[in-house]
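The structure under discussion appears below in the form of structure tokens.
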Amino acid sequence: MTYQWLIVEKHGPVGWIINNRPERLNAYDAVMREEFPRAWAELDADPQVRVIVHTGNGRAFQVGADVDDLDGEAVLQFQKTMQTLDLKLTAWHCKVGKPVITAVNGVCAGGGLHWVADADIVIAAADATFVDPHVSIGQVSALETIALMRKVPAEAVLRMALIGSHERLTAQRAYQLGMISEVIDPPEKLRDAAQALAEKIARNSPAAMRATKRALWGALEYGLTDACRAGAKHLTSMWGHPDQNEGPLAFAEKRTPNWSPLESES
């Protein structure tokens with residue numbers, strides 16, 4: 001596939017999606033919005049890819065919607081996707097079954113927080129910053145910050161949403177709050193660290209990881225009892241799968257497991 005504003009790469013078992021509008025701080029326009037679901041689908045369907053990393057080129061990871069793009073037909077389409085919640089920007093929006101790492105380089109602002117809230121794992125360069133400027137430009141902070149409340153204390157999210165552009169979270173503060181799980185210093189090692197982390201994750205059973213993602217993300221939609229019932233269904237879905245025999249056997253034989261390829265569900 002060809003892309004204008006995204007770069008899609010594959011390095012061993014790791015697929016990469018790289019925001020590539022550095023002159024616009026990787027703000028997404030109508031073209032990039034159309035490209036995201038294609039990029040996620042391409043990597044999720046590739047049997048050689050076991051983990052996906054998302055990052056950005058330049059001095060920003062992502063700063064949300066490009067305001068210069070929001071006029072005429074483009075703004076009408078954008079409004080429609082918001083009203084129907086048919087965003088298709090993040091891996092969560094696109095129902096990606098493989099593990100996803102967001103590697104935040106530089107500025108992450110506004111709509112860029114979608115990819116922080118919706119990734120399985122988030123790491124950030126030591127010089128990364130996080131800010132939600134919506135209220136400072138007369139807009140409502142809602143979808144990104146609602147999603148962030150799944151992983152960050154409510155008061156921290158409210159502070160960021162209500163202070164707007166007048167305060168930025170450092171990577172170190174984001175780590176303290178649980179918004180990210182690792183700070184990479186020096187910053188230029190971010191991609192190496194993301195690749196190494198992804199390769200570590202890629203050693204595991206693809207089928208077991210997909211079922212685990214569904215169980216854990218699905219739990220956020222339910223109360224405790226319903227979440228456990230749904231999780232039990234994902235757990236038992238692996239019963240009889242070849243990986244359940246291969247894992248213990250490989251451990252006993254002190255070798256790398258030969259996992260079964262992830263079966264397509266299309």
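The values are calculated or read from the model by the stated rules, or taken from the named source; none is laboratory data. Every value quoted in this text rests on a predicted model; they were computed, and no experiment measured them. Cβ coordinates were reconstructed from backbone atoms using ideal geometry, including for glycine residues, and neighbour counts include every protein chain displayed.
Quick rundown of the values:
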{"read-out": "Index of the failed condition, VAL183 passing every other in (1) in contact (Cβ under 8 Å) with a residue 24 or more places away in the chain; (2) touching a helix residue (DSSP H, G or I) at 6+ places or on another chain (Cβ under 8 Å); (3) under 17 Å from ALA117 (Cα atoms); (4) assigned to a helix (DSSP H, G or I)", "value": "(4)"}
{"read-out": "Criterion: outside any loop (DSSP other than H, G, I, E, B), under 19 Å from ALA219 (Cα atoms), at pLDDT 95 or above and not β-branched (Val, Ile, Thr) - qualifying residue of ALA103, ALA91, ALA124, ALA117", "value": "ALA117"}
{"read-out": "Yes/no for ALA232 being free of Cβ contacts under 8 Å to residues at least 12 places away in the same chain, loosely packed, with under 14 Cβ neighbours inside 10 Å and in the same structural domain as GLY111 (by TED's automatic domain parsing)", "value": "no"}
{"read-out": "Subset tally (residues that are exposed (fewer than 14 other Cβ atoms within 10 Å of the Cβ), aliphatic (A, V, I, L, M) and either under 20 Å from MET160 (Cβ atoms) or within 16 Å of the chain's Cα centre (by Cα) (or both)) for segment 171-202", "value": "0"}
{"read-out": "Answer residue from segment 28-57, given it is touching a residue at least 60 places away in the same chain (Cβ under 8 Å) and part of a loop (DSSP other than H, G, I, E, B) and is surrounded by the fewest Cβ atoms within 10 Å (Cβ to Cβ) among those", "value": "PRO47"}
{"read-out": "Residues (surrounded by fewer than 13 Cβ atoms within 10 Å (Cβ to Cβ) and of a type in the set (A, V, I, L, M)) located in segment 1-26", "value": "MET1"}
